[in-house]
Amino acid sequence: VSQQLKEEIRRGFGELEDPLAGLLDMLESSSDWKGKGHSLGYYITTELELWIKEHPGVQQSGIKLKKLQARVLGTLAQCPTNLLDPLISIYQLHTADRNYLLQHVSHLYHRGDYKEAAILSIKLKLQPDQDVEKMCTPLLLQDKTNLVEDYVGEYPELQSKLLQILDTWCEPSFNIRDITRHYQGLFRYKPEKLNHKVLSKLIFRLLDRFNVDPALCPNVINQRHLRTLRYLFYKRFVEKTMTQENWTDHVQSTVGENRWLQGHLIELLLSYCDVPMAARWAQHCSLPKEMLPAEVAEELQKLQLQERVEEATEADNYKESKKKDYYQLPIPQANIHFLQTWEETLQCWEKVLQPGQVVGIDMEWRPSFGLVGKPRVSLLQIALKDEVFLLDLPQLLKEAETKGEKEKLHHFIQMLYSDAAITKLGYGMSGDLSSLAASCSALKDTDKQARGVVDLLTVDKQVDVLSLEQSSDNGGFQQPEKGLSLLVQHVLGKPLDKTEQLSNWEKRPLREEQILYAASDAYCLLEIYEKLCKDPTSFGLSSDLTESLVGKPSTKPRAKNQLNKQEVRSPSGQQCQGSKKETSPRSAPISPKEFSVVCDNMLQGLGRYLRCLGVDVQMLENEDDHRKAAEIARQEGRVILTSGLPYQTLQSQVAEGRCFSVNCSEKAKEQALQVLKHFNVQVSLADIFSRCQ
């Protein structure tokens with residue numbers, strides 16, 4: 001606004017006998033201020049707000065103020081959002097009679113102005129005196145979830161109440177039409193937005209945003225566990241990528257003592273397997289006979305003996321095939337030490353903390369299956385040339401806490417990582433260190449203090465350019481290898497057996513297969529490093545391996561990322577330029593043709609917009625599970641674009657920097673600008689519509 005216009009407006013205020021009444025006269029007789037944007041009415045109103053602060057004597061009180069407040073309430077129902085705050089301030093509506101304000105909002109509500117009633121309630125902080133279900137239901141039907149979140153945003157009690165209401169709508173027997181039929185004449189009525197799937201996503205997003213106890217929402221929690229159960233059945237019986245032991249562990253922890261889930265488990269077993277297996281689980285869950293189909297009850301006794309024989313035979317065959325097809329630990333099993341007390345760990349520290357020592361380090365944690373937050377390390381593996389130490393980290397931390405000696409364990413781990421004279425080998429080690437910090441806050445700066453760390457992930461990017469003939473001669477494996485397993489196959493001739501990767505690593509005691517897997521994961525790093533150092537050129541590396549580690553990375557996009565392994569900057573003193581690039585996506589501009597993404601199903605508008613700009617975009621369908629995005633990203637080397645709660649799950653399944661959370665409340669254009677800026681994608685005129693037929 002020009003200075004001349006401001007002075008003219010202020011001069012007009014000075015000449016009016018009652019500027020507050022004068023403003024209302026103007027607003028009531030004009031309509032230009034009702035549209036979007038900054039109208040003349042908006043500039044006059046905001047100038048009056050400033051002018052009153054300089055001339056406090058014009059403020060009204062008593063009966064005269066009440067009359068002005070009554071008039072301005074009628075204006076508020078029609079005015080754009082940007083005028084609400086200045087008008088509320090000018091006419092001191094926060095001092096008005098609360099019952100009068102509530103009556104006015106109620107009048108707006110019954111007139112069908114649900115959005116206006118909610119916004120005014122938020123501005124005047126009336127929510128504690130209102131019915132949260134009544135106020136929020138029509139907003140949800142109009143797909144105004146952002147406004148609903150703002151409505152309960154400052155009131156934890158209302159947040160809990162809203163979540164409980166939404167959860168009752170997710171009961172299997174609840175008919176959502178009982179809610180929607182009262183609002184059929186609603187403007188922009190979208191009843192499909194209140195189906196169980198959409199409600200479930202909304203509830204989990206609100207639980208995460210407001211940090212509310214999930215126990216308040218048993219229906220959606222049960223439904224999520226049921227989806228996990230179905231996913232486990234798919235992994236075990238369709239994909240066949242999960243061992244019986246891992247599958248059993250996860251089914252047990254998912255179902256727990258919940259009778260409703262146990263009933264569904266029996267149904268799934270009858271669908272995917274057979275009656276004997278259903279009977280076995282029925283016995284394990286101690287299900288009453290009245291819950292069991294007749295054929296399951298009859299099979300119960302006969303199955304027990306039969307399954308024992310079959311499992312023993314299957315286990316023997318499986319062990320034999322593994323020896324032939326997969327990498328085998330070259331040291332005796334007796335040289336693997338499982339350490340649970342401080343006294344037991346002393347032998348480990350004495351051998352590891354030696355100048356010139358080379359150690360392979362890995363960590364394991366229980367897979368999250370959609371749970372929020374960083375995973376906590378369950379096992380820390382340290383491999384030396386002749387032996388491997390497996391540290392039961394939860395037990396050691398618990399013992400240290402009890403004895404008040406936590407600093408001993410912290411001190412050892414920090415000494416190990418900060419000593420440049422000890423070479424630490426890892427694969428995507430920053431992801432491990434991030435989980436280590438989540439397990440113990442005293443170790444949160446370990447990655448910054450680390451020295452002498454060699455992240456073989458950087459080498460993997462360069463070894464990856466080996467010819468296909470080399471890798472295909474090593475036997476035909478049914479599942480395509482990726483991550484560390486593929487590097488082991490390239491360098492040592494056979495891949496790692498990853499069937500124990502999805503184990504329940506928190507359960508004790510660990511099975512023999514888990515112990516061998518954990519030891520192999522750490523020990524293979526020593527063998528890879530030794531072989532690469534002896535003959536780097538045969539693997540396409542520089543004759544100086546150190547130079548390869550800190551040289552320029554391959555520009556080929558990676559499609560091999562480990563589940564829950566973060567691919568980030570090597571925490572060594574010699575920082576790898578290639579890794580740096582992934583941590584700082586703005587280090588060099590790229591064109592849309594070089595940028596490929598997979599959009600989660602809530603961001604289809606963003607996906608279409610990016611595709612118009614020339615970006616290689618793949619989008620999930622509405623019915624797809626969010627986890628499909630991680631599978632596509634790993635297979636095709638794409639960046640995941642997602643929003644809200646799924647981000648917490650997906651970011652742990654791909655490399656760091658390969659999953660980006662977008663603000664779902666923004667329009668597609670703003671979202672696209674945010675993505676392009678973050679990844680430094682430079683769009684030219686030639687890129688626009690370059691992918692359109």
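Residues in the chain average 49 Å² of solvent-accessible surface per residue, probe 1.4 Å, ligands and nucleic acids excluded.
Quick one: which of LYS482/LYS531; LYS408/LYS482; LYS144/LYS677 span more than 25 angstrom between C-alpha atoms? List each step's numbers first, then the result.
Values: LYS482/LYS531 20 Å; LYS408/LYS482 37 Å; LYS144/LYS677 28 Å.
Over 25 Å Cα-Cα: LYS408/LYS482; LYS144/LYS677.
Keeping every protein chain in place, order HIS104, HIS182 by accessible area at 1.4 Å, biggest value first, i.e. largest first. Write down the numbers at each step before the final one.
Working: HIS104 35, HIS182 135 Å².
Final ranking, largest accessible area leading: HIS182, HIS104.
What's the magnitude of the charge dipole for the chain around its Cα centre, counting Lys and Arg as +1 and Asp and Glu as -1 at the beta-carbon? Answer in Debye, nearest 20.
Working: 85 positive and 94 negative charges, 326 e Å.
Approximately 1560 debye in magnitude.
What the Kirkwood sum gives for the chain is a hydrodynamic radius of 29.9 Å, with every pair of different alpha carbons counted. Could you work out how far helix 40-54 tilts from the main Cα principal axis of the chain, as a 0 to 90 degree angle to the nearest 10? Approximately 80 degrees, to the nearest ten.
Considering Cα pairs under 8 angstrom that are at least six residues apart, work out the relative contact order of the range 592-679 and quote it in whole percent. The value is 29 percent. Accessible surface of LEU207, taken over heavy atoms with a 1.4 Å probe and every protein chain present, rounds to 20 Å². Which Cα, out of ALA437, GLN333, TYR109, lies furthest along the positive dipole direction of the chain (beta carbon charges, K/R +1, D/E -1)? The residue sitting most towards the positive pole is TYR109. If one takes the longest principal axis of the Cα atoms in the chain, at what angle in degrees, from 0 to 90 and to the nearest 10, does the Cα axis of helix 294-325 lie? Tilt relative to the chain: about 60 degrees. Using the Karplus relation 6.51 cos²θ - 1.76 cosθ + 1.60 with θ = phi - 60°, the per-residue 3J(HN,Hα) values for the range 195-201 come to 7, 4, 5, 5, 4, 4, 4 Hz, with x marking Gly and Pro.
Helical runs (DSSP H, four residues minimum) scored at -39500 (n - 2.57) apiece and divided by the length of the chain put the mean residue ellipticity at 222 nm at -16000 deg cm²/dmol. GLU670 contributes about 80 Å² of solvent-accessible surface, heavy atoms of the protein only, 1.4 Å probe. Relative to the longest principal axis of the Cα atoms of the chain, the long axis of helix 512-534 lies at roughly 80 degrees. Quick check: from the Cα gyration tensor, does the range 592-679 come out rounded (a/c under 1.5), prolate or oblate? It comes out rounded by the Cα gyration axes.
With both bridge residues required to lie in the chain, what share of the DSSP beta bridges run antiparallel, to the nearest 5%?
On the way: 9 of 30 bridges.
The antiparallel proportion sits near 30 percent.
Ligands, DNA and RNA aside, ARG209 has an accessible area near 120 Å² when probed at 1.4 Å. Of the solvent-accessible surface of the chain, computed with a 1.4 Å probe over protein heavy atoms with every protein chain present, carbon and sulfur atoms account for 50 percent.
Per-residue accessible area (protein heavy atoms, 1.4 Å probe) orders GLU512, GLU364, GLU399 as GLU512, GLU399, GLU364, starting from the largest.
Given the pairs LYS115/LYS593; LYS197/LYS289; LYS507/LYS628; LYS534/LYS593; LYS235/LYS302, which are separated by over 31 angstrom at their Cα positions?
LYS115/LYS593; LYS197/LYS289; LYS534/LYS593
The values are calculated or read from the model by the stated rules, or taken from the named source; none is laboratory data. Everything numeric here is computed off the predicted structure, so don't read it as measured data. Counting neighbours? That spans all protein chains shown, and the Cβs are built from the backbone with ideal geometry, glycine included. These area figures cover heavy atoms from the full protein model, side chains too; ligands, DNA and RNA do not enter into them. Shrake-Rupley method; radii C 1.70, N 1.55, O 1.52, S 1.80 Å.
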